[in-house]
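Each remark here refers to the structure printed beneath this line.
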Amino acid sequence: MTNLLGRLFMAIAFSVMVSIHAAAQNVGHADIAQLEKDMYRYFSSSESDSFMIVTDRLIEACRKAGLSQERLFYKAWSNQAIYYYLKVNRTKGLEMAQQIHDYAHQHDSKFGLYTSLYALSTMQSSLRRYDQAEKGFLEAIDYQHRFFPDESAAAPYLGLAKIYVNTHQPEQVLECARKALAEPGVIKQHQLTAWSYICIAYSNDKYSKEDFNRAYANREKVKREYDHDDNFGETVDFYEAQKNGRLADAMEIAKRFKASADRILMISNVYADMGDYKQAYLSFRRFKEYQDSLNTADVQQLSYEYATQLDVSRAENEAKELRLKNQSIEIHASIVIALLTVLFLAFYLYRRRKQLMELRRAYSQLEDATTAKERIDSELRIARDIQMSMVPSTFPAFPERKDIDLYASMVPAKEVGGDLYDFYYYPAPVGGGQEGAGDQLYFCVGDVSGKGVPASLTMAVAVNLFRTVAKEGISPELIATRLNDTMSADHSTSGRLLPQGQQNESGVYVTMFIGRIDLKTGQLDYCNCGHTPPVFGERRTHTSQTVFRFLEMEKNAPIGQRPNLQFVGGRIADVHGCPLFVYTDGLSEAENKMQDQFGEKRMLKVLRGATQPFGERMPKTHSRFLVEEMKCALDAFVDGAEQSDDLTMLCVSIK
């Protein structure tokens, strides 16, 4: 699995690692103060390699400096353990925290013992063992105030604030965050986190909008001074939009949340504020289903520990009962009973020990499987982020061209998928040029056969090929021919093109709709390569209505199915004011819990209804409105049913 994923982002990862290691070599003479600043800057980021390089160098520099940098030495080491635990590997993070404790004990360092206590409490909080974590943070604060009164205890105060956020205690959140701000020498990063917690506490309905906005203004001021945001920036921005009644902005922010549980719950809250209680209920139900599905290795480990404790207690109780009975037996039978008891206990303990060993072995195997699954899930998430970054996601796509109204959306069914879309604007040549050349908009929507990693690899190849070929300014049917020749060659096992008419053995191909619009004349040229027919909205000038219909077009084979194909395209003379809706079969074939399909008739009905005057109901572009109306209608239809296929939609019109 790792090798397959490595092929997807090997080039990107290689260039990043080269730049990181080059940078590491160049900071050889950086002073300790700069390394400390870099450590806190990378701590709030996902740049794991940069953070580890900086902290390694800072730890080594502090070690060489001796007692003068003892506190910074332990701070850097503890931050490294916490970062490793939260973002890289839990087991390794716990081992590092234990190493810090052992090292501090060997060197009789009170500050080292304090930092290891803080690190372990942070990890307990992450495991949702809030009672143990709260006790540890309070001990750390007391320890630091007694032995290091000149040192800031903001970090453990913020650890307590995080616990109270998770347990919904806003008053305690405010108290801990304010105490953190009042600590001597509190750093900018801790100030920013404290104001983030204050904003989150003030998002509660019991506090006013004015309280929240004052806290938000203070947070923005600290963020500008710090010149960096923390991990709560998106959450605080969501609450700011929600608290001030900008529900459309709040919904957009909620949809960008990476954590599934947070994203679903935030969307449910916005629907409730909008008064759409049906969607709020459906989203909240999905949130509860997602929560119920979580069954982490931590819960399994706790269950194993509790079961073991119960077994030991049960064995002790049974032995105690036997001893009590033996005391009442007559002297002449005591020796026999005692021998029987010893034999029984020996046999019982032998069986119990064997069972415990089997349980430990089974748990070890489960832990290894869970670790492997977490590693694979992490790699798939990275692959998904890379894949999603390969398709354009900034809209409006061409802000300098007010006549282009284009919007697209892609939702993979799994961590990685095989759908794709892309668009490219080919400008008119400066100073004239060939007659009719340039000022053209190219776009495509595709669907790779199959699912998962193989489909995602083919998707990456298809997107890059389309971008390269479209820049030549050629027709859609010629683009399809070029893509087919290249991808058919890639699929052959020998590296040569297969004989005409012979299908490649891998069976991987791409259905694709390719379009080109001349922005001067409005002419649409297109080529459909085995893809679902798009919907064309024809504007009737005498009635000022838009009539939607499926385009009739030449039948072409999918791209990459077999080599040496000639593709045939089509043409519409003028598409000004006429939306074109292109999609993958993940839309038309989406099923609800009764296994009924969404279907093409329902698609046309949604599009026809969405073209009626909508006033201020959705202050977005018309193309984006059509796509989002279709998405809302689909969500209501499937009613929480699991998505079985990738879903991609693109709508374009020329004003």
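The values are calculated or read from the model by the stated rules, or taken from the named source; none is laboratory data. This is a predicted model, so every value here is computed, not measured. Positions of Cβ are generated from backbone atoms using ideal geometry, with glycine treated the same way; all protein chains shown enter the neighbour counts. Just the protein is used for accessible areas: all its heavy atoms, side chains included, with ligands, DNA and RNA removed. Shrake-Rupley method; radii C 1.70, N 1.55, O 1.52, S 1.80 Å.
Total residues in segment 436-450 satisfying the condition of being modelled with pLDDT under 90, of a type in the set (Ser, Thr, Tyr) and either within 14 Å of Ala480 (Cα to Cα) or open to solvent by less than 10 Å² (accessible area, probe 1.4 Å) (or both): the figure is 0.
Of the residues making up segment 23-44, those that are at pLDDT below 80 and either over 31 Å from the mean Cα position of the chain (by Cα) or polar (S, T, N, Q) (or both) are Gln25, Asn26, Val27, Gly28, His29, Ala30, Asp31, Ser44. Of all positions in segment 112-124, at least one carries a residue that is modelled with pLDDT of 85 or more and on the phi < 0 side of the Ramachandran plot. Only one entry of Ala194, Ala215, Ala241, Ala250 meets the criterion of being without any contact (Cβ under 8 Å) to a residue 40 or more places away in the chain and closer than 30 Å to Asp142 by Cβ, and that entry is Ala215.
When the residues of segment 226-237 are narrowed to those that are farther than 17 Å from Asn166 by Cβ and assigned to a helix (DSSP H, G or I), which ends up most open to solvent (accessible area, probe 1.4 Å)? Out of the qualifying residues, it is Glu234. Looking at Tyr74, is it open to solvent by less than 10 Å² (accessible area, probe 1.4 Å), over 17 Å from Tyr42 (Cα atoms) and in a helix (DSSP H, G or I)? Considered against the rule, which asks whether it is open to solvent by less than 10 Å² (accessible area, probe 1.4 Å), over 17 Å from Tyr42 (Cα atoms) and in a helix (DSSP H, G or I), Tyr74 comes out as yes.
Picking from residues in segment 214-245 that are among the polar types (S, T, N, Q) and farther than 12 Å from Ser196 by Cα, the one that is nearest to the chain's Cα centre (by Cα) is Gln242. Of note, Arg571 does not satisfy the criterion of being under 19 Å from Ile479 (Cα atoms), touching a Leu at 6+ places or on another chain (Cβ under 8 Å), charged (D, E, K, R) and assigned to a loop (DSSP other than H, G, I, E, B).
For Gly640, state whether it is part of a loop (DSSP other than H, G, I, E, B), open to solvent by 10 Å² or more (accessible area, probe 1.4 Å), modelled with pLDDT under 90 and not charged (D, E, K, R). It is true that Gly640 is part of a loop (DSSP other than H, G, I, E, B), open to solvent by 10 Å² or more (accessible area, probe 1.4 Å), modelled with pLDDT under 90 and not charged (D, E, K, R).
Does at least one position in segment 529-540 carry a residue that is at pLDDT below 85 and farther than 16 Å from Phe567 by Cα? Taking every residue of segment 529-540 in turn, at least one turns out to be at pLDDT below 85 and farther than 16 Å from Phe567 by Cα. Scan segment 540-561 for residues that are in contact with a Pro (Cβ under 9 Å, 6 or more places away or on another chain) and open to solvent by 80 Å² or more (accessible area, probe 1.4 Å) and jot them down. Result: Glu552, single match.
Among the residues making up segment 195-225, those that are open to solvent by less than 30 Å² (accessible area, probe 1.4 Å) and either among the polar types (S, T, N, Q) or closer than 23 Å to Arg146 by Cα (or both) are Ser196, Ser203. Would it be correct to say that Ser653 is among the hydroxyl-bearing types (Ser, Thr, Tyr) and modelled with pLDDT of 90 or more? Yes, satisfied.
It is to be established whether one or more residues within segment 326-335 are at pLDDT 70 or above, among the β-branched types (Val, Ile, Thr), out of contact with any helix residue (DSSP H, G or I) (no Cβ under 6 Å at 6 or more places or on another chain) and exposed (fewer than 11 other Cβ atoms within 10 Å of the Cβ). It would help to see each step written out before you state the result.
First, pick out the residues of segment 326-335 that are at pLDDT 70 or above: 335.
Checking which are among the β-branched types (Val, Ile, Thr) leaves us with 335.
Those still in the list that are out of contact with any helix residue (DSSP H, G or I) (no Cβ under 6 Å at 6 or more places or on another chain) too: 335.
Pick out the ones that are also exposed (fewer than 11 other Cβ atoms within 10 Å of the Cβ) and you get 335.
Yes: segment 326-335 contains one or more residues that are at pLDDT 70 or above, among the β-branched types (Val, Ile, Thr), out of contact with any helix residue (DSSP H, G or I) (no Cβ under 6 Å at 6 or more places or on another chain) and exposed (fewer than 11 other Cβ atoms within 10 Å of the Cβ).
Does Leu565 satisfy the condition of being surrounded by 17 or more Cβ atoms within 10 Å (Cβ to Cβ), more than 26 Å from Ser488 (Cβ to Cβ) and of a type in the set (A, V, I, L, M, F, W, C)? Answer is no for this residue.
Can Arg496 be described as at pLDDT 90 or above and outside any strand (DSSP E or B)? No.
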